[in-house]
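K.L.:
Structure provided below as structure tokens; questions to follow.
Read the figures in this text as sums done on the coordinates, not as results from a lab. Owing to the predicted nature of the structure, the values given are computational and were not obtained by experimental measurement. Backbone-built Cβ (ideal geometry, glycine too); neighbour counts: all protein chains shown.
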Amino acid sequence: MRTEVAAGSLCRACLSADLKEHPVSRKSGTVVQECGSCGLHAMRDRPSTEFFASWSDGDLGSYETWAAELRTDVVDQRHADAVALLRGMLVDVEQPSIFDVGAGDGAFLEVARHAGFRPFGNELWTGAIERARDVRGLSIEYGDLSDLPDVGKHDAVTLWCVLAHVPDEDALLRDVRSILKPGGLVLLQTPRYTSLDTAAFALHDITRGRMTRITDRRLAEHHMSLHTATSIRRVIERAGLEVVSVEARSRWGFTTSYYLETLDVPSRVLAPAARFFDRLIERGWFFRNVLDVCARLPEHPRTGST
């Protein structure tokens with residue numbers, strides 16, 4: 001069962017001391033902390049930024065293998081909706097500057113460029129940067145956002161499932177705030193804690209960390225946090241940004257087969273299971289697995305704090 005956390009530990013989102021720990025996973029060794037105040041579920045022990053950089057710094061072939069598992073229709077619709085929203089909110093700016101954090105191969109920035117934005121971005125995956133240059137004609141910076149000289153330069157910043165990938169969300173959002181112009185906008189998508197996770201953690205707890213196939217998939221180096229609407233608001237506001245909207249969406253960006261393979265579903269049932277879940281997803285009957293957040297840097301921003 002869940003256990004109390006030692007005194008002095010605080011929730012990464014709302015800074016509450018009302019934390020409990022789920023049993024350590026017998027498979028991965030991961031310990032997940034749950035906040036009783038805001039509902040955040042997060043890895044207790046996180047890898048360093050250097051570890052993540054080395055993990056993601058792959059060649060073009062490895063990037064294209066990963067990208068082949070994307071649902072392009074879902075990703076394309078997300079990009080189109082985001083650009084339309086930003087264009088409508090920045091109607092008075094003739095050619096807005098937009099910065100995509102973790103820009104991948106520049107797919108979103110290409111859509112933004114066609115809509116009249118000046119595109120900028122950064123990425124740690126060298127293969128993605130190569131593809132952005134050779135296929136899309138985009139120049140994407142290699143390296144961490146904090147190392148780039150873009151202070152106060154951009155009208156909008158986007159982060160597509162980036163926040164859950166970093167050890168320190170507060171630090172990343174401070175860097176995001178620093179590159180925004182006053183009044184600038186932030187759009188981000190981040191994984192959401194769902195009723196599926198509630199069921200998975202119940203099984204995790206009952207078996208004392210032995211049955212963790214789903215919880216180990218949902219919280220690992222690629223997803224260090226699963227936010228609720230309450231917890232993401234607290235993180236955004238502490239960064240000195242004003243929340244405009246937080247919406248739960250069903251948006252499964254990878255093929256169902258890919259998700260099931262990462263759960264080690266036996267090959268004999270993989271295809272029929274994928275077809276079944278595909279029907280649920282296509283009809284909008286599956287879990288709302290992400291949060292879409294829109295925020296704004298005030299015209300006279302206060303200093304964010306942690």
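K.L.:
Once mean projected area of the Cα convex hull in nm² is worked out from the coordinates, which option in (i) 14.6; (ii) 17.9; (iii) 15.9 does it equal?
P.N.:
Entry (iii).
K.L.:
Mind checking the full-extension length gain between E21 and K181? Use 0.36 nm per residue of separation minus the Cα-Cα distance, one decimal, nm.
P.N.:
Net length gain for the segment: 53.6 nm.
K.L.:
Among DSSP beta bridges lying fully in the chain, give the percent that are antiparallel, nearest 5.
P.N.:
The antiparallel fraction comes to roughly 60 percent.
K.L.:
Would you mind calculating the gained length between S37 and L196 on full extension (0.36 nm times residue separation, minus the Cα-Cα distance), in nm to one decimal?
P.N.:
My answer for the length gained is 55.3 nm.
K.L.:
Taking the Cβ-Cβ separation of L10 and L263 as r and a Förster radius of 35 Å, what is the calculated FRET efficiency to the nearest 0.05?
P.N.:
With a Förster radius of 35 Å, E is 0.65.
K.L.:
If you build a Gaussian network model of the chain, linking Cα atoms that sit under 10 Å apart, which residue out of G121, G88, G240 swings the most?
P.N.:
Sorting by GNM fluctuation, first place goes to G88.
K.L.:
Additional query: Among all cysteines in the chain, which have no other cysteine Cβ under 4.7 Å from their own Cβ?
P.N.:
Unpaired cysteines in the chain: C161, C294.
K.L.:
V157's amide H: which non-local residues (gap 5+, or another chain) put their own amide H closer than 5 Å, with H modeled 1.01 Å from N in plane and none for Pro or chain starts?
P.N.:
Amide H to amide H, under 5 Å and 5 or more residues apart or across chains, V157 pairs with F99, L185, V186, L187.
K.L.:
Could you work out how far apart the two model spin labels at R210 and E130 are, taking each label as a point 7 Å from the Cα in the direction of the beta carbon, and quote it in nm?
P.N.:
4.6 nm
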